[in-house]
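Let me begin by presenting the structure, written as structure tokens, before commenting on it.
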Amino acid sequence: MIQIQGLVKSFGHTYALQGVDLEVAEGEFLTIVGPNGAGKTTLLRILATLLKPTSGLVRIAGLDMASGGTEIRRRIGFVSHRPLVYSNLTVEENLYFYGRIYDVHPLGERVDMLLNLVGLEGRRHSPARTLSRGMQQRLSLARAVIHEPSLMLLDEPYTGLDQQATKMLRRLLQTINPESRTVVMTTHNLERGLELCDRLAILSRGRIVHQSEKAPLTLTELQEIYWQCVEEKTD
Amino acid sequence: MSFWRKVLTIIWKDVVAELRTKEIFSSMFVFALLLIVIFNFSFDLRVEKVAEVVPGVLWVTFVFAGTLGLNRSLALEMEDACLDGLLLAPMERGTIYFGKMLGNLIFISITEALMLPIFSAVFDLNLIRPALLLTIFLGTSGFAAVGTLLSTMAVNTRAREVMLPVLLFPIILPVVISAVKLTTGILDGLPWDSLAPWLRFLVGFDIIFLVISYLTFDYVVQG
């Protein structure tokens, strides 16, 4: 589903990504963990076509990022720690707006279904600004899946959520990940990163420094590997 | 067809949000009103024939108030990273540009439409004439075309409120000069033959600004 080879991204003289090589299979849930400033958000923003790579190859569903931006975006659902919804529009208006932009048909049924899924049916006429942080994140998730994307990109989706909202989002993330949907999630929280994924990668200072299958890993083992990788890179 | 449907969807979103808050419109309207009052008092003291300065005052007011509106319009897209939401949509980035540009044109035009009767009353001059309305529409179109592109650039900078006028005013100078010349000619009752070069100049710049802004928008929004 995703092929990345030698991906470099610089902002002036600062290198955010320094030659990332990564492959993600269709239907796989990959978590990328790393400390602040490791380049996680930059990597996801490039995959979402919000940033152009400085050099390197990025292919999504066989489409080259340089030429197939519009087709790639049709396949992507993006959730970040910011909701990407208009605070002055109601919950329903936000979903109708994004549904029309993505040419979703029949839109009314899809909006009703998603509002039920994320538990915002009772707030459909409330302006988005009146929602709690957790509710806004649930609305953001509904926005991101309105066009039934085959690839979900989740950039620190748990940031700023309380325990209850985190629990609900985790349940929702499980429901939006049927076998056909590929998910790439970044987080600096190892526990959250480990619990949903099939495979885990550690990004430090713009490079993938470790990759492994989730199956044999315990949280303690992951913590050891993580600190080893991150400290080695810092040294 | 899909292009225009998406452009209309973006305009619909801006209009619905604006009807709810009236943030863009009220800031432009109040600012324009204050400018008229200040100009009126200043000219009462020094200028003998006020009608001669009306074209300049009219366009300075529209440009300053419009700049405020452009800043606010794009700032609203930056709240909660909504611009990212638009950029993620499967459409050419030029579609977003057209949607935002036409939305800005609508808001600025409504403010201008409300200001014209006030201008007419304050300066005791009939400004509601078809030729003048056409000039205002063409001048505002050029302003909105380049202003939407530059406000998108400026909104990502730290001093965006200052950055937009610094970038915008030198570039829209040809539009403002031709609009002021046309306005002066219309108010003086000059024949169309003598105004035609300025009209062509204004239409030409509108087209150039629109095409360049449409083509470069993708480079401006993608880092």
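So the values come out like this:
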read-out	value
Unique residue being without any contact (Cβ under 8 Å) to a residue 24 or more places away in the chain and more than 9 Å from every other protein chain (Cβ to nearest Cβ) when the list is B:D14, B:D44	B:D44
In the range B:147-183, the residues that are among the β-branched types (V, I, T) and crowded, with 17+ Cβ neighbours inside 10 Å	B:T148, B:T152, B:V155, B:I172, B:V175, B:V176, B:V180, B:T183
Any pair with Cβ under 7 angstrom, 6 or more apart, that starts in the range A:62-80 at a residue that is assigned to a loop (DSSP other than H, G, I, E, B) and ends at one that is surrounded by 14 or more Cβ atoms within 10 Å (Cβ to Cβ) and among the polar types (S, T, N, Q)	A:M65/A:T49; A:R75/A:S150
Test for B:T21: is it facing chain A (nearest Cβ under 8 Å) and of a type in the set (S, T, Y)	yes
Contacts under 9 angstrom Cβ, first residue in the range A:93-113 being within 12 Å of chain B (Cβ to nearest Cβ), partner of a type in the set (F, W, Y) and in a helix (DSSP H, G or I), 6 or more apart	A:F97/B:W12; A:R100/B:W12; A:V104/A:Y98; A:L107/A:Y96
Residue in the range B:88-97 that is away from chain A (no Cβ under 14 Å), of a type outside the set (D, E) and free of Cβ contacts under 8 Å to residues at least 60 places away in the same chain present	no
Looking only at the range A:61-92, and only at residues there that are over 25 Å from A:L161 (Cβ atoms) and among the polar types (S, T, N, Q), the one that is farthest from the other protein chains (Cβ to nearest Cβ)	A:S67
Test for A:R207: is it touching a strand residue (DSSP E or B) at 6+ places or on another chain (Cβ under 6 Å) and in contact (Cβ under 8 Å) with a residue 24 or more places away in the chain	yes
Members of the range B:98-111 that are away from chain A (no Cβ under 14 Å), of a type outside the set (G, A, S) and either surrounded by fewer than 23 Cβ atoms within 10 Å (Cβ to Cβ) or closer than 20 Å to B:E77 by Cα (or both)	B:M101, B:L102, B:N104, B:L105, B:I106, B:F107, B:I108, B:I110
B:L35 vs. criteria in a helix (DSSP H, G or I), of a type outside the set (S, T, N, Q), modelled with pLDDT of 85 or more and farther than 16 Å from B:L150 by Cα	yes
Residues satisfying the stated conditions in the range A:1-29, i.e. farther than 14 Å from A:G206 by Cα and in contact with a Ser or Thr (Cβ under 9 Å, 6 or more places away or on another chain)	A:M1, A:I2, A:V24, A:A25, A:E26, A:G27, A:E28, A:F29
Qualifying residue in the range A:33-42 (condition: assigned to a helix (DSSP H, G or I), more than 14 Å from chain B (Cβ to nearest Cβ) and closer than 30 Å to A:I208 by Cα)	yes
Single residue of the range B:115-126 satisfying the filter (farther than 12 Å from B:F62 by Cβ, surrounded by 15 or more Cβ atoms within 10 Å (Cβ to Cβ) and aliphatic (A, V, I, L, M)) that is nearest to the chain's Cα centre (by Cα)	B:I118
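The values are calculated or read from the model by the stated rules, or taken from the named source; none is laboratory data. Everything numeric here is computed off the predicted structure, so don't read it as measured data. In this analysis, Cβ positions are derived from the backbone assuming ideal geometry, glycine residues included, and neighbour counts consider all displayed protein chains.
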